[in-house]
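Step one of this worksheet: look at the structure below.
Every read-out reported here was derived from the displayed coordinates using simple, explicitly stated rules and does not represent laboratory data. In this text, all values refer to a predicted model and were calculated from it rather than measured experimentally. So basically every Cβ, Gly included, is an ideal-geometry build from the backbone, and we count neighbours across all protein chains shown.
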Amino acid sequence: MLGPIWISTDVQTLGRGRRGRDWVSQTGNLFCTGLYEFDGKLADAAKLSFAAALALTETLDDYIDPSLITIKWPNDVLIGGDKAAGILLESGIYEGRLWVAIGMGVNLLSSPQADNYSTTHLLAHIAKEKLVGENSVFTGTQPMIGKLAERFEHWKNLYLKTGFTPVRDAWLARAQGIGGPVTAKLSNDIIEGIAQGMDEDGALELKTETGETVKIHAGDVFFS
């Protein structure tokens, strides 16, 4: 079975982030994966990470002030400038068909400490009066997963129907740091400059002090 299906768990013991890093999975947070078959090239499937980031931001919009929620390239979701969620895509071939798994870890009730960036969680930004009574905005993870799956379907289908441009434009509208200083730490280099935007392949465009435009396809980026 290649989906579509969304799977969640209350406890995660071997969470992983980008580039093989550990993902600290504290109880009470959201850990879920969407599994989809993708009829296309692997490079095109990779762009679903941007659709996933948009889906998650729109899901969190229901709980807190949307102006607090931004996306850090390529697909970290921030609340108030602090990391609140991460997204990791994995893919493979099964019986000649390409599958894509969209894994998400979202800090809902608590946030682990990190060495090189600040973290936060959703509950810290929800007004206390919105958490009590029959009209509480937060009633568990299942309604959140339902909204998340619905919004991901929207952006996935739009991407498949019209191309990457609508996803790219919506992503840029919620992106952190575009137009400001950025440092990109690559496997064998460190590049500094101004974040110009994102191209149609999903690469971060960075202009150096010499005027050269460099495209970052993979690496850690830090915005000032």
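Below are the figures for this structure:
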{"item": "Among Leu89, Asn116, Val11 - extreme Cα towards positive end, dipole of the chain, charges at beta-carbon", "result": "Val11"}
{"item": "Efficiency of FRET from Cβ geometry, His154 and Arg97, R₀ 22 Å, rounded to 0.05", "result": "0.45"}
{"item": "Given charges at Cβ of Lys, Arg, Asp, Glu: region 181-223 dipole, positive-most of Val182, Thr210, Met198", "result": "Val182"}
{"item": "Full-extension gain in nm, Glu205 to Asp169, via 0.36 nm per residue minus C-alpha separation", "result": "11.5 nm"}
{"item": "Selection of GluC sites (Glu not before Pro), region 113-209, meeting DSSP coil and at most 11 other Cβ within 10 Å", "result": "Glu134, Glu200, Glu209"}
{"item": "Entries of Lys83/Lys147; Lys147/Lys185; Lys47/Lys215; Lys128/Lys156; Lys161/Lys185; Lys47/Lys161 with Cα pairs more than 23 Å apart", "result": "Lys147/Lys185; Lys128/Lys156; Lys161/Lys185"}
{"item": "Label-zone membership for region 56-83, site Ala124, 7 angstrom Cα→C-beta point, backbone N under 13 Å", "result": "78-83"}
{"item": "With at most 14 neighbouring Cβ atoms within 10 Å, loop trypsin sites (Lys or Arg not before Pro) (DSSP) excluded, longest segment of the chain", "result": "42-224"}
{"item": "Stretchable slack from Lys161 to Ser224, in nm (0.36 nm times residue separation minus alpha-carbon distance)", "result": "19.1 nm"}
{"item": "Length gained when the stretch Gln196-Val11 is fully extended (0.36 nm per residue, less Cα-Cα span)", "result": "62.7 nm"}
{"item": "Computed label-point distance, nm, for sites Ala114 and Leu186 using a 7 Å Cα→Cβ extension", "result": "2.2"}
{"item": "Dipole magnitude (debye, nearest 20) for the chain, charges at Cβ of Lys, Arg, Asp, Glu", "result": "160"}
